[in-house]
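The values are calculated or read from the model by the stated rules, or taken from the named source; none is laboratory data. Nothing here was measured: the structure is a model prediction, and the numbers come from that model. Glycine gets a Cβ as well: all are built from the backbone with ideal geometry, and neighbour counts include every protein chain shown. Ligands, DNA and RNA are stripped out before the accessible areas are found, and what is left, the full protein with its side chains, is counted by its heavy atoms. Shrake-Rupley method; radii C 1.70, N 1.55, O 1.52, S 1.80 Å.
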Amino acid sequence: INANGVRVEGIYQNVSQVDRAWTGIWQAKSRIDAQGWTTEIRIPFQTLSFDPSNTDWGINFRRTIRRSNEEIGWVSRNRLVNPGIAGTAAGMRGLQQGLGLDVVPYLVARQEKNFGTDVSDNSIEPQLDVYYKVTPQLNAALTLNTDFSATDVDDRVVNLTRFSLFFPERRDFFIRDTDIFQFGRIGNGVVFGQEGNDAIPSAAIQNGRPFFSRNIGLSANGMPVDINAGTKLSGRIGQWNVGSMIVNQDEDMATGVDSQTVFVGRAALNVMQESQIGVIGTSGDARSNNDNNLIGTDFRFRNSRLPGGRVIESEVWYQQSDSQLLNGDDDAYGFGIAAPNSNGWRGAYSYKFINNNFNPALGFVNQRGIEDHALDAGYRKFFAPGGTVRSVYGGFDSYRNQNANTGDLISETLQLRANANNNANDTINGTVARKREVLTRPFVIYRQSDGLRNIVIPVGDYEFTQTSIGFSSAGQREWAGRIGITQGDYYNGENLQTSGNIAWQPRPGYNLQAGYSENHIDLPQGEFVVRQWSFTTLINFTADLTWTNRLQYDNVSEGLGINSRLYWIPQAGREAYLVLNWGLVDLDKDNSFTSTNNDLTIKYNYTFRF
C-alpha cells in the first residue's frame, strides 16, 4: 500500500517470484499529515491459511522510498527480502477462522458481435465460486460456469523465433495457490543484471513444465472454451504441501474436441529448513480427444543462511509422459545449481533434456528432442551512499541448445553484459552477444498478411554478433522512460532493433504510457520491418476505483486491439467490472481499419464469508 491508499498484492510462487495477479480479501487505508504518512492494514485470519497451534509466525515488512530508490527490510540478508528470510511474530494465540467458508456468486452480462458474419449474441449468466477451509491450512475450491471475461489481456508479441512463445496465466481460479503446483524451479525468471541468465530465450526457460494451466479453457488456436466446473484442493498437511485440481471443460465445436475432464495432483514434503522433495501427476488432454498422463518427481534445495548472507540453490527433476499416439522416448529430466546473490559474486549452471516424444498435454513444451546447457556468472558491486553511482554489474551469460540424438547444435548464445545505476535508479546497460543458429530446415521468418510473399531463411549454419545498449530513467519521476538499441548481423543479413517507452504521471493516480518497437531486418531473401506500438492509460479516481485503457497494434497482423476496463471495489470481497474489447484490422494496409469483433461485459461478485 502507498501513501495514497492504493494497494498491491501477490503470492510468492517461490522465494524469488511474485504473481501479482493473485487477489485476497484485506483492507488498508493511508493518511498523509504534517509528520509524513501512516498506513493501517487489516488482514482477516479467514484470508490466511495457518496452523492455529503455532504461536510463532514468520513475518516481514518492507518499505520502498521511490524518490531515493531505497528499500528498507525489517529482516534482510544479502539485500533480499522473501519468505525464506523473515522475522518472528510471537504470541499468536486464540486465532479464529470462523467456518472457513466463502461463497462468491457472480452475475455476468455480455454482448458480443462478430462483424464478419454480422452475428450478435446477448447473454446474462450466473457464476458461482465456493471456497472452504477443510482445515486451517487446507483449502477447497469449487467453480461453476466459470467466466474469465474480466481477465487482463496479453501483451501483443510478434514471434521472430523458430519456436512457440510463452504467455503467463492471468485467471483467478488457476492463480490461487499457484505456488503449490510449482515444479523443479522450471520457469524461474530473469532479473536483469542481478540473477538469472539473460541469454536463455524466455520460452526456453519454461520448456518442460509438467503443468501449465493455460492449456485448460483455451483451445489450440487460443480461443476461449467454456469451463463447466472445476474443483481444487490445496494447502498444507503437516510438513506436506499438497494440491489437486479437476476441471470439466465443454466441447469445442471449432476444433472438434469433445468435452474433457482433466486432473493435476501435486505433493511436496518440506525438508531441512528451505528445501522440498515432491511428486506431480496429470491426466487428460484439454486440447484433443487423446489419452494423456504424466508423472514426475523433483528435489529442490535452498540455503540462504550461509556466511556473509550468501545463498545457494539446486534442483533435480524427472518426468515421464504417456500419450495415446506416442511410444517410447517420452521422458524429460534436468538439474541445476545456482548462487543467486544480489551482492558480490553470483552464478548458475543448469541442464535440461527433453526427449523426442515427451508430451505433457497439460504442460508446456516448445522444443522436443533437445538438450539445453546454460551457464552464467557475474559480480555486482555496491558503493557507499552519497556517491553518483550506486552499483555496477558485469558478467557473462551462455546458452547452448543441441539435438539430443546427434549432439548437433541448434542454437547458441555467448554474451558479455554490464549495467550501472545511480541512487535515483537511472540505469544504463550494454551487451555484446555472439550467436549461432543452425537451421536443418527452412525458416519462414516473415509472412505477408495477404499470403502472397513469404521471406524464408534457407538451411545453413549462421554465426553473427549483435551489440545492445539501453537506458532507463527512474520510474518515480513525473516523466520516465526507456530506450534500447540492438544492432548487428542477423543470420545472413542485418538487423537494427529499436524500442522504447515513455511514461507521464501528471499527478498521483494518473499514469499514461506509450511504447514502440521496430525490427528492421535486411536479408538477401528480402527486407521487411516489424513494428509494434502500445498506448496505456491508468487512472485511479480513488483507491477503490480504477480505469485502464490499452491499445496494441502490430504491422504484421495489421490488427489493432482495444481493451478498456473499469474496476470498482466498493469493499474488499465485492468487485465490479465493466470491460470492453474491440478488434480492428487493416488488411489492405491503407490505414483504414475495419471492425472484426467486439464484446462488452459487466461483471459483479459479492463474497459471503462465514
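Across the stretch 40-64, the number of residues qualifying as part of a strand (DSSP E or B), closer than 22 Å to GLU274 by Cβ and of a type in the set (D, E, K, R) comes to 1. Restricting attention to the stretch 516-535, which residues are in a strand (DSSP E or B) and free of Cβ contacts under 8 Å to residues at least 40 places away in the same chain? Across the stretch 516-535, the qualifying residues are TYR516, SER517, GLU518, HIS520, ASP522, GLU527, VAL529, ARG531, TRP533, PHE535. Filtered by the rule that a residue be within 28 Å of the chain's Cα centre (by Cα) and either part of a loop (DSSP other than H, G, I, E, B) or surrounded by fewer than 16 Cβ atoms within 10 Å (Cβ to Cβ) (or both), the stretch 497-515 gives THR498, ILE502, TRP504, GLN505, PRO508, GLY509, TYR510, LEU512.
Take the residues in the stretch 459-485 that are under 18 Å from TYR510 (Cα atoms) and part of a strand (DSSP E or B); name whichever of them is most open to solvent (accessible area, probe 1.4 Å). Checked the stretch 459-485; the qualifying residue most open to solvent (accessible area, probe 1.4 Å) is TRP479.
Being closer than 17 Å to ALA150 by Cα and either in contact (Cβ under 8 Å) with a residue 40 or more places away in the chain or among the basic types (Lys, Arg) (or both) narrows it down to one residue among ASN563, ASN549; which is it? Reasoning before the result, please.
Numbers: ASN549 fails: either in contact (Cβ under 8 Å) with a residue 40 or more places away in the chain or among the basic types (Lys, Arg) (or both).
Sole residue among the options that is closer than 17 Å to ALA150 by Cα and either in contact (Cβ under 8 Å) with a residue 40 or more places away in the chain or among the basic types (Lys, Arg) (or both): ASN563.
Given the criteria farther than 18 Å from ASN197 by Cα, of a type in the set (Lys, Arg), surrounded by fewer than 18 Cβ atoms within 10 Å (Cβ to Cβ) and within 27 Å of the chain's Cα centre (by Cα), does ARG447 qualify?
On the way: farther than 18 Å from ASN197 by Cα: yes; of a type in the set (Lys, Arg): yes; surrounded by fewer than 18 Cβ atoms within 10 Å (Cβ to Cβ): yes; within 27 Å of the chain's Cα centre (by Cα): no.
It is false that ARG447 is farther than 18 Å from ASN197 by Cα, of a type in the set (Lys, Arg), surrounded by fewer than 18 Cβ atoms within 10 Å (Cβ to Cβ) and within 27 Å of the chain's Cα centre (by Cα).
Identify, from the list PHE263, PHE212, the residue that is more than 30 Å from GLY394 (Cα to Cα), of a type outside the set (Val, Ile, Thr) and surrounded by fewer than 16 Cβ atoms within 10 Å (Cβ to Cβ). Even if it seems obvious, please write down each step before you answer.
Numbers: PHE212 fails: surrounded by fewer than 16 Cβ atoms within 10 Å (Cβ to Cβ).
From the options PHE263, PHE212, the qualifying one is PHE263.
Among residues of the stretch 419-438 being among the polar types (S, T, N, Q) and over 25 Å from the mean Cα position of the chain (by Cα), the one that is surrounded by the fewest Cβ atoms within 10 Å (Cβ to Cβ) is ASN422. A single entry from LYS352, LYS381 fulfils the requirement of being within 30 Å of SER323 (Cβ to Cβ) and either open to solvent by less than 30 Å² (accessible area, probe 1.4 Å) or not β-branched (Val, Ile, Thr) (or both): LYS352. Residue-level check: of (1) on the phi > 0 side of the Ramachandran plot; (2) open to solvent by less than 30 Å² (accessible area, probe 1.4 Å); (3) not hydroxyl-bearing (Ser, Thr, Tyr), GLY386 misses just (2).
Would you pick out the residues in the stretch 144-158 that are open to solvent by 60 Å² or more (accessible area, probe 1.4 Å) and part of a loop (DSSP other than H, G, I, E, B)? Selection gives ASP152, ASP155, ARG156, VAL157.
So that you can scan it fast, the table gives a plain yes or no per residue for (1) assigned to a strand (DSSP E or B); (2) more than 21 Å from ASN159 (Cα to Cα):
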position	(1), (2)
GLY387	no, yes
PHE396	yes, yes
GLN415	yes, yes
ASN419	yes, yes
ASN429	yes, yes
ARG436	yes, no
ARG441	no, no
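Residues in the stretch 65-96 that are of a type in the set (Val, Ile, Thr), surrounded by fewer than 16 Cβ atoms within 10 Å (Cβ to Cβ) and either under 25 Å from the mean Cα position of the chain (by Cα) or not in a strand (DSSP E or B) (or both): VAL75 only. Pairs are defined by a Cβ separation below 7 Å, a sequence spacing of at least 6 or placement on different chains, a first member in the stretch 156-173 that is farther than 21 Å from VAL225 by Cα, and a second member that is exposed (fewer than 15 other Cβ atoms within 10 Å of the Cβ) and among the aliphatic types (A, V, I, L, M); the pairs so defined are VAL157/LEU165; ASN159/LEU165.
Buried (at least 17 other Cβ atoms within 10 Å of the Cβ) and either out of contact with any His (no Cβ under 8 Å at 6 or more places or on another chain) or over 19 Å from PHE115 (Cα atoms) (or both), is that true of TRP568?
In short, no.
Residues in the stretch 221-234: is at least one closer than 30 Å to ARG310 by Cα, touching a helix residue (DSSP H, G or I) at 6+ places or on another chain (Cβ under 9 Å) and not small (Gly, Ala, Ser)? Taking every residue of the stretch 221-234 in turn, none turns out to be closer than 30 Å to ARG310 by Cα, touching a helix residue (DSSP H, G or I) at 6+ places or on another chain (Cβ under 9 Å) and not small (Gly, Ala, Ser). Cβ separations smaller than 9 Å between residues 6+ apart or across chains give the following pairs from the stretch 275-303 residues that are among the small types (Gly, Ala, Ser) to residues that are in a loop (DSSP other than H, G, I, E, B) and open to solvent by 30 Å² or more (accessible area, probe 1.4 Å): SER283/ASP291; GLY284/ASP291; SER288/ALA220; SER288/THR255; SER288/GLN324.
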